[in-house]
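Written below as structure tokens is the structure these notes are about.
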Amino acid sequence: MRALTEAETRQRIVEATVELHETFGPAKTTIKAIAERAGVQRATVYNHFPDLQVLFEACNAHYHERHPMPDPTSWVGNASPNERFRVAVRELYRWYEETETMLSLGIRDIDAVLPAAREAFVGYFRHVARSLMTGRRERGRARVRTAASIGHAISFDMALARPGGIAHERRGCRSHGGDGRRGGGISLRVSERRDDGHKHGLCRRSAAEGTHLTRVLKRKLKKIKFRLHLIDGCLAATGLIIEPP
């Protein structure tokens with residue numbers, strides 16, 4: 001059996017890292033686990049990737065080559081803001097469905113993701129949001145509401161929180177043009193709705209967001225429930241203390 005070339009060894013390390021990230025998440029992926037999955041020594045991993053920044057960049061490049069993020073330039077040329085929004089949501093939800101496992105674990109372990117990679121990810125969605133606000137005629141409060149609606153609509157977390165999940169929402173956009181007239185499509189015609197319809201829309205979004213927030217809070221509280229010094233420190237400003245039972 002011939003020896004692997006340097007390029008092949010590097011590729012195996014990158015693929016092993018992607019597989020572990022998609023299976024266990026970035027926070028639980030160790031150099032030892034990467035070496036074992038790639039069939040190499042830990043020293044070999046360090047020889048090819050002297051620091052985690054380089055490894056993360058290679059990992060992201062490899063994953064996004066197989067699962068490219070939607071390119072905003074494909075819809076920014078559309079003169080109609082509403083049609084541009086519909087195209088963007090269809091493409092984003094298709095990508096969310098394709099990468100749901102990796103995105104879920106990556107967001108769960110966001111604190112373990114290196115700052116540069118985290119900023120690049122967040123920056124992409126800022127760019128998407130700006131491109132979808134371009135050309136919209138709303139002003140004042142109406143524009144703020146529309147921007148907030150766009151932010152909710154393109155959010156991965158909000159996509160998961162919607163009834164039926166990502167696949168259902170994407171089918172709604174595809175089947176009904178995404179204009180919200182029938183089925184599960186999304187509508188951004190906030191400024192053109194009657195006040196009562198707008199209030200109902202806000203309530204539905206708030207309920208979904210509240211459910212997600214509850215899940216996040218429960219997960220975070222579970223992590224600190226045995227760390228009494230942290231809780232005690234938070235209570236210091238209130239004058240309360242935790243007494244052992």
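The values are calculated or read from the model by the stated rules, or taken from the named source; none is laboratory data. Nothing here was measured: the structure is a model prediction, and the numbers come from that model. Every residue, glycine as well, gets a Cβ built from its backbone with ideal geometry; the counts of neighbours run over all protein chains shown.
Of everything in segment 84-110 that's β-branched (Val, Ile, Thr) and farther than 12 Å from GLU22 by Cα, which residue is farthest from the chain's Cα centre (by Cα)? Steps first, answer last, please.
We begin by selecting, within segment 84-110, every residue β-branched (Val, Ile, Thr); these are 87, 89, 99, 101, 107, 110.
Retained after the next criterion (residues that are farther than 12 Å from GLU22 by Cα): 87, 89, 110.
Numbers: VAL87: 19, VAL89: 14, ILE110: 10 Å.
Out of the qualifying residues, it is VAL87.
Tell me, yes or no, whether segment 54-74 has at least one residue that is in contact with a Gly (Cβ under 9 Å, 6 or more places away or on another chain) and outside any loop (DSSP other than H, G, I, E, B).
Of all residues in segment 54-74, those in contact with a Gly (Cβ under 9 Å, 6 or more places away or on another chain) come to none.
For segment 54-74, residues in contact with a Gly (Cβ under 9 Å, 6 or more places away or on another chain) and outside any loop (DSSP other than H, G, I, E, B): absent.
For segment 62-69, indicate whether the set of residues that are surrounded by fewer than 18 Cβ atoms within 10 Å (Cβ to Cβ), at pLDDT 90 or above, closer than 29 Å to ILE150 by Cβ and out of contact with any helix residue (DSSP H, G or I) (no Cβ under 9 Å at 6 or more places or on another chain) is non-empty.
Yes, segment 62-69 contains a residue that is surrounded by fewer than 18 Cβ atoms within 10 Å (Cβ to Cβ), at pLDDT 90 or above, closer than 29 Å to ILE150 by Cβ and out of contact with any helix residue (DSSP H, G or I) (no Cβ under 9 Å at 6 or more places or on another chain).
Mind checking which residues of segment 20-53 are outside any loop (DSSP other than H, G, I, E, B) and under 20 Å from THR5 (Cα atoms)?
Here is the first cut: in segment 20-53, the ones outside any loop (DSSP other than H, G, I, E, B) are 20-23, 26-28, 31-38, 42-48, 52-53.
Of everything in segment 20-53, those that are outside any loop (DSSP other than H, G, I, E, B) and under 20 Å from THR5 (Cα atoms) turn out to be ILE34, ALA35, GLU36, ARG37, ALA38, ARG42, ALA43, THR44, VAL45, TYR46, ASN47, HIS48.
Taking segment 32-55 as the search range and keeping residues that are among the β-branched types (Val, Ile, Thr) and surrounded by 16 or more Cβ atoms within 10 Å (Cβ to Cβ), which one is nearest to HIS67 (Cα to Cα)?
For segment 32-55, the residue satisfying everything is ILE34.
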